[in-house]
Amino acid sequence: MGSLASAKIVVLPMADKHPDLEPAAAAKPAAAETPAAQAAASSHAAVVASELPVPDPEVIRTASLTQVFWNLLARITRERIITVALACISIGALFLFWYLGTKYRLEFYIRFKNVPTPYEVYQQLTQVGLSNKYLVNIAISVRRILFGFFIAMAIGVPLGLAIGKYQRVRDLFMPVVEIMRPIPAIAWVPMSIMLWPNNEASIVFITFIGAFFPILLNTIHGVHSLDGVLIRAARCLGASEFRLFLNVILPGSLPHIFTGLAVGMGVAWVSLIAAEMISGQFGVGYFTWEAYSLVDYPAIVLGMITIGFLGLACSGIIRMCGVLLMPWLAFAPGGRR
Amino acid sequence: MTMVMANTEIHKGFIDVRDMGVVFGANDSKVVAVDNVSLNVQPGEFVSLIGPSGCGKSTLLSIVAGFMKPTRGEALLDGKAITKPGSDRGVVFQQYSLFPWLSVRKNVEFGLKMAGVEQSKRNTTARALLDLAGLLSFENHYPDQLSGGMKQRIGIVRALATSPQVLLMDEPFGALDTQTRVVMQEILTNIWQQFRISVLFITHDIEESIFLSDRIYVMTARPGRIKAEIKVPLPRPRRAEMTDTPEFMNLVQELKGLIREESLAAMAPEIKDRGLSGFGMKVGPKGVGEIF
């Protein structure tokens, strides 16, 4: 980001011009600017070093820099090691349970008799994993998700903003929303098959239904939780109604909108898999269900793991977009830490 | 950097509030917030409105800002009735009202952007104003990275960016600690000295109102009426040392007397009759039955 870089350049010459900065605030930006400060300090040291006959200044500088580097690395790695270790423990425990359960064919109410071993699933992955059939199923599921999700976003966000802002729009839409919302997307399967001309459209519709309500409701909530003083401030500064939406209400609701998108994406996957299992041809859900019908147990687990990874990737992408689009949240009180 | 946007048309920015009354609710729940208030702010004048909490001073400011309409009377700016908010009146709020998603500079630029001013010009103006507020080095920070005093300084220059004719300030330093407050008052007088626009300043702090203003209106407790109008003859520019002069002290005493009566009146009538010495727990609850 170019603007951030220029901030670092500007801060330094001004620092002595404003010695009366409030300490709380002065400390925070100072902390934020440490890389710049270090860079400046070292370059400053270099200038001084070239003018004064200090013996071997390079060594001193490198030593302190490496020190800083190692300290930083040590701190980062210690935090990272703990995080990674705990992640390994949590996933490892699951695999261990699975492995032991299948190895000894445990039978204590839950039955591991027919559950494939991790190795069988791994073999399945190497055989089926790169087959055309498997990849096509994934691609079709992803396409359905993208269509359903983006249509839900394109309708849910603007409608949510309008409902949140205008009492009359709210009065008009909320009754129907309240009636439709409790109906799970899966319950729409028969109706959807009747409504839409082909299978593909009906599955996309079910995915859309799943994603739509979380997005809509979170957007409405975002508008409502927006501090009224910001709207008043914007109007005082001459914002038109359209500008108010674009420059205040939309960015102000964005954190909640992203919550809605993340939840909506999760529900979209749930709905999609269910729809594919019931009415589908193709898709990861269909792949999993077909494996069950064909008594191909390792493929069931492969399908499940695939669904898990796809869901993880999708919510990861949304979270990443959120971080990129809302850089200010890094500084918000109680925000990202 | 020179201030290019100072108010050269010194004859503009005349606020005239005439026979204003504000009533909230209807019938049984009717509350008269403001009753028969007339006041004015001459072009380029700094006027404070002071009174006990709940006396309707913020309501008055909301009307002048255009956020609400009075039940009776009218508010005029340069002879024209005020009906809605607009960039001819800059407003500084008590709560921090910076847009958290915009950098400090973009916040200051906001009004100019709404007015369709091109980017390079916006940038120059915003930087000049930030320099004036002593915050140019923070132009690319986000508001959440700044202290309360800094946020309010930015709020002030943001309101000035569109070159309004008047500045309306609703207890802008109310949320700040005492030390920061005093510094902010000095900064505000300096900024005002450069712009010379009309200011209507709401506060409940007596010293603050004297230090800043040319004239002070004292309001009564609810229903809010104008109780007194006091001129502040202290010379400009105001300095922090002036608060120790006898003139300043006398004004403080005079205002304290006026306000104290109203603050007492604003509380429950029993307290007013008894005086503050009448406070104190008489008898505690005897048993659980008495509590529920």
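The values are calculated or read from the model by the stated rules, or taken from the named source; none is laboratory data. These figures come from a predicted structure and were not determined experimentally. All Cβ positions, even for glycine, are placed from backbone atoms using ideal geometry, and neighbour counts span all protein chains on display.
Looking across segment B:47-66 at every residue that is more than 18 Å from B:Ser263 (Cβ to Cβ) and in contact with a Ser or Thr (Cβ under 8 Å, 6 or more places away or on another chain), the one that is farthest from the other protein chains (Cβ to nearest Cβ) is identified as B:Val47. Has segment B:80-96 got at least one residue that is modelled with pLDDT of 90 or more and out of contact with any Lys or Arg (no Cβ under 9 Å at 6 or more places or on another chain)? Yes - at least one qualifying residue is present in segment B:80-96.
Give B:Leu168, B:Leu77, B:Leu129, B:Leu176 a once-over and let me know the one that is touching a residue at least 24 places away in the same chain (Cβ under 8 Å), touching a Leu at 6+ places or on another chain (Cβ under 8 Å) and in the same structural domain as B:Ser38 (by TED's automatic domain parsing). Answer to the selection: B:Leu168.
Contact map, segment A:68-96: first residue without any contact (Cβ under 8 Å) to a residue 24 or more places away in the chain, second residue part of a helix (DSSP H, G or I), Cβ cut-off under 8 Å, separation 6 or more or different chains; pairs are A:Phe95/A:Pro118.
Residues in segment A:297-330 that are buried (at least 18 other Cβ atoms within 10 Å of the Cβ) and either acidic (Asp, Glu) or within 14 Å of chain B (Cβ to nearest Cβ) (or both): A:Gly322, A:Met326, A:Trp328, A:Leu329. So, A:Phe287, is that one part of a helix (DSSP H, G or I), aromatic (Phe, Trp, Tyr), under 26 Å from A:Gly316 (Cα atoms) and within 14 Å of chain B (Cβ to nearest Cβ) or not? Considered against the rule, which asks whether it is part of a helix (DSSP H, G or I), aromatic (Phe, Trp, Tyr), under 26 Å from A:Gly316 (Cα atoms) and within 14 Å of chain B (Cβ to nearest Cβ), A:Phe287 comes out as no. Screening B:Leu160, B:Leu146, B:Leu168 for residues that are among the hydrophobic types (A, V, I, L, M, F, W, C), closer than 18 Å to B:Leu212 by Cα, within 10 Å of chain A (Cβ to nearest Cβ) and crowded, with 24+ Cβ neighbours inside 10 Å leaves exactly one candidate, B:Leu168.
A:Phe205 falls short on exactly one of the conditions (1) buried (at least 18 other Cβ atoms within 10 Å of the Cβ); (2) within 11 Å of another protein chain (Cβ to nearest Cβ); (3) in a helix (DSSP H, G or I), and that condition is (2). Only one of the numbered conditions (1) in contact with a Gly (Cβ under 6 Å, 6 or more places away or on another chain); (2) in contact (Cβ under 8 Å) with a residue 24 or more places away in the chain is not met by A:Ile318, and that is (1).
Just a yes or no: is a residue in segment A:265-288 among the polar types (S, T, N, Q) and modelled with pLDDT under 90?
Within segment A:265-288, one or more residues are among the polar types (S, T, N, Q) and modelled with pLDDT under 90.
Taking the numbered list (1) in a helix (DSSP H, G or I); (2) without any contact (Cβ under 8 Å) to a residue 24 or more places away in the chain; (3) under 24 Å from A:Met277 (Cβ atoms) in turn, A:Lys113 passes all entries but (1). When we screen B:Val232, B:Val252, B:Val283, B:Val218 for residues that are over 24 Å from the mean Cα position of the chain (by Cα) and either exposed (fewer than 12 other Cβ atoms within 10 Å of the Cβ) or modelled with pLDDT of 85 or more (or both), the only hit is B:Val283. Checked against the criterion of being more than 10 Å from every other protein chain (Cβ to nearest Cβ) and in contact (Cβ under 8 Å) with a residue 40 or more places away in the chain, segment B:86-98 has no qualifying residue.
So, of the residues in segment B:179-204 that are under 23 Å from B:Lys57 (Cα atoms) and either hydroxyl-bearing (Ser, Thr, Tyr) or not assigned by TED's automatic domain parsing to the domain that holds B:Arg238 (or both), which turns out to be surrounded by the most Cβ atoms within 10 Å (Cβ to Cβ)? Taking the candidates together, the pick is B:Ser198. Please enumerate the residues belonging to segment B:22-33 that are modelled with pLDDT of 85 or more and crowded, with 18+ Cβ neighbours inside 10 Å. Scanning segment B:22-33 gives a single hit, B:Val22.
With respect to the conditions (1) among the aromatic types (Phe, Trp, Tyr); (2) under 23 Å from B:Thr203 (Cβ atoms); (3) out of contact with any Ser or Thr (no Cβ under 7 Å at 6 or more places or on another chain), B:Trp101 falls short on a single one, namely (2).
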